[in-house]
Amino acid sequence: MIEHNSLVCCFSGRFDRPHIGHIIQIMRLGQRFKKVVVPVLDYGTQKYAVAYRVQILRSALEFAIGEYDIFASTTHFGKAPEHCIRQIPFDVYVSQNTACLKHIEGMGFRVEYVDRAFDYSASEEYLKQR
């Protein structure tokens, strides 16, 4: 596990719709890294508008400890060419998506796998409801 106060990590996602699991995960990263860059992905197929998703995350993290940069992005981290990813400045890409991590690591970036915040994830909520 990479833990360094001088590094910037990137944690991208659709966050369609943001929930407490997303917020907890971002806050955990904010305690480990100098800055957390959060591209909220917009491919035009999400249920909720990207501006809405960005605003929810910004509001939820407004008073959280750490530095966060939350913005809309059309970059597809699992498929994007290197020049697209280099437009977003980060030292370590953090994700739960192993295919995405392999792709980005193959371009020469540092990567780290993180588990979901299972007690709070959408998947766990869905299972509890069933």
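The numbers here are math on the coordinates, done by the rules we state, and not lab data. Note that the structure is a prediction, hence the values are computed from the model and not measured. A quick note on method: Cβ atoms are made from the backbone with ideal geometry, for glycine too, and the neighbour counts reach across all protein chains shown.
Do we find that A60 is surrounded by 14 or more Cβ atoms within 10 Å (Cβ to Cβ), assigned to a helix (DSSP H, G or I), touching a helix residue (DSSP H, G or I) at 6+ places or on another chain (Cβ under 9 Å) and free of Cβ contacts under 8 Å to residues at least 60 places away in the same chain in this structure? Can you show your working first?
Numbers: surrounded by 14 or more Cβ atoms within 10 Å (Cβ to Cβ): yes; assigned to a helix (DSSP H, G or I): yes; touching a helix residue (DSSP H, G or I) at 6+ places or on another chain (Cβ under 9 Å): yes; free of Cβ contacts under 8 Å to residues at least 60 places away in the same chain: yes.
Yes; evaluated as a whole, the condition is true for this residue.
Any idea how many residues of the range 41-57 are under 15 Å from I70 (Cβ atoms) and not in a helix (DSSP H, G or I)?
The number of residues fulfilling the criteria is 4.
Residues being exposed (fewer than 14 other Cβ atoms within 10 Å of the Cβ) and either part of a helix (DSSP H, G or I) or touching a residue at least 24 places away in the same chain (Cβ under 8 Å) (or both): count how many of those fall in the range 79-106. Steps first, please.
At the first step, the residues of the range 79-106 found to be exposed (fewer than 14 other Cβ atoms within 10 Å of the Cβ) are 79, 81-83, 86-87, 89, 98-99, 102, 105-106.
Okay, now just the ones that are also either part of a helix (DSSP H, G or I) or touching a residue at least 24 places away in the same chain (Cβ under 8 Å) (or both), so 79, 82-83, 89, 98-99, 102, 105-106.
Residues that pass the stated criteria total 9.
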Inset, instruction - For the range 15-33, state whether one or more residues are β-branched (V, I, T), crowded, with 17+ Cβ neighbours inside 10 Å and closer than 20 Å to T98 by Cβ. - result: yes
Inset, instruction - With respect to V8, determine if the residue is aliphatic (A, V, I, L, M), crowded, with 19+ Cβ neighbours inside 10 Å, part of a strand (DSSP E or B) and touching a residue at least 24 places away in the same chain (Cβ under 8 Å). - result: no
